[in-house]
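Input: a single structure, listed below in structure tokens.
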Amino acid sequence: MNFNNVDFDTYFKNYPDKDGYFGKYGGSYVSPELQVAMNEISAAYQTICKSSKFIAELRKIRKEFQGRPTPISYLERLSNSIGTGVQLYVKREDLNHTGAHKLNHCMGEALLAKYMGKKKVIAETGAGQHGVALATAAAYFGLECDIYMGSVDIKKQAPNVARMKILGARVVEVTEGLQTLKEAVDAAFAAYCREYKDAIYCIGSVLGPHPFPTMVRDFQSVVGIEAREQFVGMTGELPDAVVACVGGGSNAMGMFAGFLNDPVDIYGIEPLGRGPKLGDHAASLKYGEEGIMHGFSTIMLKDENGEPAPVYSVASGLDYPASGPEHCFLRDLGRVKYDVVNDEETIDAFFTLSRLEGIIPAIESAHAVAYGIKLAKTMGKGSVLINLSGRGDKDMDYIIENYGIR
Ligand SMILES: *Cc1c(COP(=O)(O)O)cnc(C)c1O
């Protein structure tokens with residue numbers, strides 16, 4: 001399959017290039033000290049990811065600890081309620097241990113840390129989901145774990161802070177600036193610069209300097225590879241469309257990786273939040289422009305000074321002002337279509353999926369469900385496979401407080 005002169009038969013061999021570029025996006029824009037550390041991770045990953053011992057160990061962990069393969073469920077009642085004859089399916093990443101897809105890359109990153117002889121993993125967290133997944137991986141491998149988190153987020157996300165501490169992680173409070181995710185990223189990078197001989201940085205999505213977008217995609221691609229095989233096994237054919245929500249873009253990139261070279265329409269869904277005004281959404285691929293932040297070249301939402309703009313989404317896991325470089329590239333090529341759904345559509349889908357199917361989705365994942373429903377209404381016939389990136393238990397308090405029970 002060919003899009004704009006990019007041949008998808010050989011896509012994974014050719015992208016990213018040796019410097020970590022997907023077209024003009026990606027690369028590594030970091031200080032010389034940090035570049036030394038990135039080169040070390042790149043070199044180690046290149047060798048280790050091809051080692052049969054590493055692959056065998058990761059497979060065993062996925063099966064025996066994470067609970068993979070996760071199933072695909074056919075949404076019979078939801079499909080019938082739409083009534084166009086289109087069939088909806090979900091890939092159940094909500095059934096992963098810890099309740100979301102994030103463990104897929106955290107176990108990979110922590111296993112890499114072990115192979116590299118590191119004693120510690122370092123990361124930032126916003127809502128705490130990445131911190132909990134990484135703390136879980138660190139406990140499994142017996143690694144130290146430092147999670148940097150803004151004071152404001154620490155207060156807001158008390159249950160996740162407790163989970164990280166119970167799992168043995170150290171939660172380091174960041175008191176600079178707005179005391180949220182951006183400052184936590186800066187503090188975690190600074191700590192990594194000081195400690196990189198003994199530690200490895202573990203990013204939470206397909207973001208950051210090379211090699212992280214590639215590594216995280218590769219670890220997440222298990223989702224798409226499994227899903228393709230399972231879907232063909234269940235139905236005898238490929239889905240007509242695949243849908244996933246995009247924050248940084250890791251669950252989406254994992255899912256899409258299985259279908260890029262197939263005659264399947266692919267949709268990445270960003271949060272439109274309260275509407276299209278800057279500050280009310282986090283739809284960087286729709287409204288953003290080219291720029292560099294957090295060590296990579298991307299499409300981002302900028303404020304009047306060209307800095308990352310404040311963003312908002314009802315789903316805290318989606319409120320990031322940029323997207324992974326590979327998503328920017330796939331958008332420009334036209335291989336993946338990126339669209340948006342707003343808070344209201346998302347909350348409707350959250351309750352609909354819960355009531356009709358007995359699956360309470362994460363609010364992040366409900367964005368993909370909302371779009372899948374919209375798509376099914378326009379399609380006439382065929383099938384849509386939605387990546388259900390996580391479960392909604394973490395969102396119960398928020399939903400009840402803000403929306404009540406519908
Ligand atoms: C963190 C999170 C996301 C967003 O991250 P991506 O890297 O875009 O996948 C989506 N869904 C859930 C359940 C999450 O926890």
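None of the figures in this text is laboratory data; all of them are computed from the coordinates on show. All values reported here derive from a predicted model rather than from experimental measurement. Don't worry about glycine lacking a Cβ; one is built from the backbone with ideal geometry, like all the others, and counts go over all protein chains shown.
Between residue 403 and residue 141, the modelled labels are 3.6 nm apart [label points 7 Å from Cα along Cα→Cβ]. The simple Förster model, with R0 at 25 Å and r as the Cβ-Cβ distance, assigns residue 277 and residue 393 a FRET efficiency of 0.20. Between residue 3 and residue 377, the C-beta separation translates, for a Förster distance of 25 Å, into a calculated FRET efficiency of about 0.40. Helical content alone sets the calculated 222 nm signal of the chain at -13500 deg cm²/dmol, taking -39,500 (n - 2.57) per DSSP H segment of four or more residues and averaging over every residue. Here the chain is assigned +1 on the Cβ of each Lys and Arg and -1 on the Cβ of each Asp and Glu. Its dipole about the Cα centre then comes out at about 1080 debye.
Based on alpha-carbon atoms, the Kirkwood radius and the radius of gyration of the range 191-235 give Rg/Rh equal to 1.25. Would you work out which of 330, 273, 84 lies farthest towards the positive end of the dipole of the chain, given +1 charges on the beta-carbon of Lys and Arg and -1 on that of Asp and Glu, about the Cα centre? Value computed over the given set: 84. Distances between placed amide hydrogens fall under 5 Å for residue 382 paired with 87, all partners being 5 or more residues away or on another chain.
Using DSSP to define loop residues, name the trypsin sites (Lys or Arg not before Pro) in the range 24-60 whose beta-carbon has at most 13 other beta-carbon atoms within 10 Å.
Answer in residue order: 24, 50.
Kirkwood radius, the range 223-324, all distinct C-alpha pairs, inverse of mean reciprocal distance: 14.7 Å.
Think of each Lys and Arg Cβ as +1 and each Asp and Glu Cβ as -1; about the Cα centre, that makes the dipole of the range 27-71 roughly 440 debye.
Taking amide H atoms as placed 1.01 Å from N in the peptide plane, the amide H of residue 258 lies under 5 Å from those of 224, 225, each 5 or more residues away in sequence or on another chain. From the square roots a ≥ b ≥ c of the eigenvalues of the alpha-carbon gyration tensor of the range 1-59, which class results: rounded (a/c under 1.5), prolate (a/b over b/c), or oblate? Note, shape of the range 1-59 comes out oblate. Among the trypsin sites (Lys or Arg not before Pro) found in the range 273-328, those both in a DSSP coil and sparsely packed, with 11 or fewer other Cβ atoms within 10 Å of their Cβ, are 277. One quarter of the convex hull surface built on the alpha carbon atoms of the range 139-249 amounts to 9.5 nm², the projected area averaged over directions. With θ taken as phi - 60° and the Karplus curve 6.51 cos²θ - 1.76 cosθ + 1.60 applied, the whole-hertz 3J(HN,Hα) list for the range 120-125 is 9, 10, 10, 7, 9, 8 Hz, x standing for glycine and proline. For residue 148, what residues show an amide H to amide H distance below 5 Å, using hydrogens built from the backbone and excluding near sequence neighbours? Under 5 Å from the amide H of residue 148: 123, 124, 125, 172. Taking a ≥ b ≥ c as the square roots of the Cα gyration tensor eigenvalues, the range 73-117 comes out prolate, since a/c reaches at least 1.5 and a/b is larger than b/c. Over the Cα atoms of the range 46-134, the radius of gyration divided by the Kirkwood radius equals 1.13; this is the Rg/Rh ratio. The magnitude of the dipole of the range 263-386, with charges of +1 and -1 set on the Cβ of Lys/Arg and Asp/Glu and taken from the Cα centre, is near 520 debye. Between residue 305 and residue 229, the contour length at 0.36 nm per residue exceeds the alpha carbon distance by 22.6 nm. When the Cα convex hull of the chain is projected onto planes of every orientation, the mean area is 18.2 nm². Subtracting the Cα-Cα distance of residue 175 and residue 197 from their residue separation scaled by 0.36 nm leaves 5.3 nm. Go through the range 1-71 and name the GluC sites (Glu not before Pro) that are in a DSSP coil and have 11 or fewer other Cβ atoms within 10 Å of their Cβ. In loop regions of the range 1-71 (DSSP not H, G, I, E or B), there are no sparsely surrounded GluC sites (Glu not before Pro).
Semi-axes of the equivalent ellipsoid of the range 251-290 are 26, 10, 9 Å, computed as sqrt(5λ) over the eigenvalues of the C-alpha gyration tensor in descending order. Taking the range 201-231 and a reference point 7 angstrom along Cα→Cβ of residue 119, the backbone N atoms nearer than 20 Å belong to 201-202.
Computed from the C-alpha gyration tensor, the three semi-axes of the ellipsoid equivalent to the range 248-406 are 25, 21, 13 Å, from longest to shortest.
How many nm separate the modelled label positions at residue 11 and residue 29, each set 7 Å beyond the Cα in the direction of the Cβ? About 2.5 nm separates the two model spin labels. Determine, for 378, 214, 346, the number of other Cβ atoms within 10 Å of each Cβ, and report the residues in order from fewest to most. Taking fewest neighbouring Cβ atoms as first place, the list is 378, 214, 346.
Rounded to the nearest angstrom and listed largest first, the equivalent-ellipsoid semi-axes of the range 294-370 from its Cα gyration tensor are 28, 16, 10. Taking 19 Å as the straight-line reach from the Cα of residue 120, the lysines in range (excluding those fewer than 8 positions away in the same chain) are 102, 165, 197.
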